[in-house]
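Q: I have a structure here, written as structure tokens, and I will follow up with some questions on it.
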Amino acid sequence: MRNPLEKLGHNGMLVMCALVMVGGLVIYSSGIPLSGIASVAVLLLCPLMHILMMRGHGHGAGNQQSCHETEKTPAEASLRTNS
């Protein structure tokens with residue numbers, strides 16, 4: 001699986017880092033307390049991290065095989081067919 005940040009390329013990463021720095025400067029200069037910013041950031045980052053971490057686990061609609069199914073050994077397969 002490719003790294004999602006590779007899609008941005010060099011210029012995209014440059015713009016993203018600049019936006020983070022400008023955003024930090026705006027928040028710092030506005031006088032909002034750091035504890036308020038941290039609590040809102042945690043609330044916003046939790047769902048985002050969940051989505052990013054669970055990507056690629058195969059729970060999409062197009063996946064025909066469950067990721068929880070395991071392949072059966074020949075002995076297990078013959079037991080199921082004989083019973």
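The values are calculated or read from the model by the stated rules, or taken from the named source; none is laboratory data. Remember, it's a predicted structure, so these values are computed and weren't measured experimentally. For neighbour counting, all protein chains shown are included, and Cβ atoms are generated from backbone atoms with ideal geometry for every residue, glycine included.
Q: Answer yes or no as to whether His59 is surrounded by 10 or more Cβ atoms within 10 Å (Cβ to Cβ) and at pLDDT below 70.
A: yes
Q: So which residues in the range 1-52 are among the β-branched types (Val, Ile, Thr) and either surrounded by 10 or more Cβ atoms within 10 Å (Cβ to Cβ) or modelled with pLDDT of 85 or more (or both)?
A: Those that are among the β-branched types (Val, Ile, Thr) and either surrounded by 10 or more Cβ atoms within 10 Å (Cβ to Cβ) or modelled with pLDDT of 85 or more (or both): Val15, Val20, Val22, Val26, Ile27, Ile32, Ile37, Val40, Val42.
Q: How many of the residues making up the range 21-39 are hydrophobic (A, V, I, L, M, F, W, C) and outside any helix (DSSP H, G or I)?
A: 1
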